[in-house]
1. Indicate the gyration tensor shape class of the range 144-321 (rounded, prolate or oblate), computed on the Cα atoms with a ≥ b ≥ c the square roots of the eigenvalues: a/c under 1.5 is rounded; otherwise a/b larger than b/c is prolate and the rest oblate.
2. DSSP beta bridges in the range 144-321, what fraction antiparallel, as a percent rounded to 5?
3. Using Cα pairs closer than 8 Å and at least 6 residues apart in sequence, work out the relative contact order for the range 25-108, in percent.
4. Relative contact order of the range 144-321, please, whole-number percent, based on alpha carbon pairs below 8 angstrom and at least 6 residues apart.
5. Given the peptides 177-190, 217-230, 234-247, arrange them by the average over their residues of other C-beta atoms within 10 Å, most packed first.
6. Please compute the length gained on full extension between residue 47 and residue 209, using 0.36 nm multiplied by the number of residues separating them and subtracting their Cα-Cα distance.
7. Of the peptides 33-39, 268-274, how do they stack up when ordered by the mean number of other Cβ atoms within 10 Å, highest first?
8. By how many nm would the segment from residue 246 to residue 260 lengthen if fully extended, with 0.36 nm per residue of separation less the alpha-carbon distance?
């Protein structure tokens with residue numbers, strides 16, 4: 001069964017609260033995650049869903065602080081939040097960390113009541129969401145809808161710690177593109193990073209349900225069979241740096257999320273906000289593309305701070321625009337594999 005083929009009418013056939021929450025989780029597991037690692041686990045207890053991270057999917061070299069892991073979990077929680085609001089289950093989101101090991105979020109749901117139709121567009125966008133790759137077209141971006149998003153997220157109370165930066169200035173975009181290129185070159189110079197990265201790369205015909213398949217990276221079929229070995233043995237950082245520079249520098253808009261704090265709770269909040277924003281843009285027939293090398297590598301984040309004119313810590317960066325090419329969805333594990341007793 002295609003995990004993106006979700007029929008909304010099936011929700012109303014659910015009799016128990018547990019089954020309804022399980023239905024909502026069909027949207028949560030479609031969230032983006034680092035290297036398509038899908039590090040989440042879910043536990044349903046009456047009207048509560050607990051969200052854990054699976055330690056099997058830690059990425060110790062590429063994500064030593066687990067910032068990206070927490071952001072990935074935050075994205076999944078936001079998908080769950082949107083689905084619950086649409087179906088009138090009034091979610092209350094509590095973010096960790098908690099005392100219970102690996103537990104990062106608790107969501108409390110009410111019995112279904114009046115659904116919120118204004119979330120329908122976002123809900124329908126979740127199965128269509130992609131992390132786009134390529135060069136952006138010259139496009140004007142309508143930023144007016146972001147005011148409503150920022151207002152609602154502020155009212156919710158769990159993004160008070162975050163600041164949203166919308167970058168349309170070409171000089172700043174080019175500077176951030178150059179920093180991203182530097183970050184990629186720095187990362188791929190390290191054999192330990194390349195070894196870890198190669199383990200997450202799959203050929204385009206691989207049956208694996210996690211990791212980065214060749215088609216998702218828009219590479220030819222034959223290249224997808226040699227790329228894991230190539231990445232492990234050869235520094236392809238300069239090539240990737242050039243490709244990423246071309247993509248970012250062509251974007252009409254860059255979005256950066258920064259925060260006053262730099263801790264697991266903040267990273268979860270960042271994931272909530274990032275996913276909501278990316279869905280808002282994609283619901284307007286725009287594509288988004290995630291680039292975090294300028295934030296993750298060494299002290300490059302300090303250069304990002306200068307560009308943003310902030311003392312806050314940059315947490316997440318993505319580009320927005322239109323990319324005139326087809327993208328194939330990344331695979332997903334079956335939901336049943338991600339639900340624990």
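1. prolate
2. Of all bridge pairs located within the range 144-321, approximately 90 percent are antiparallel.
3. 35 percent
4. 31 percent
5. Ranking the peptides 177-190, 217-230, 234-247 by packing returns 177-190, 234-247, 217-230.
6. Stretched fully, the residue 47-residue 209 segment lengthens by 55.4 nm.
7. 268-274, 33-39
8. Value of the extension gain: 2.0 nm.
Every read-out reported here was derived from the displayed coordinates using simple, explicitly stated rules and does not represent laboratory data. This structure is a prediction, so every number in the text was calculated from the model and none was measured. Note: ideal-geometry Cβ built from the backbone for every residue, glycine included; neighbour counts use all protein chains shown.
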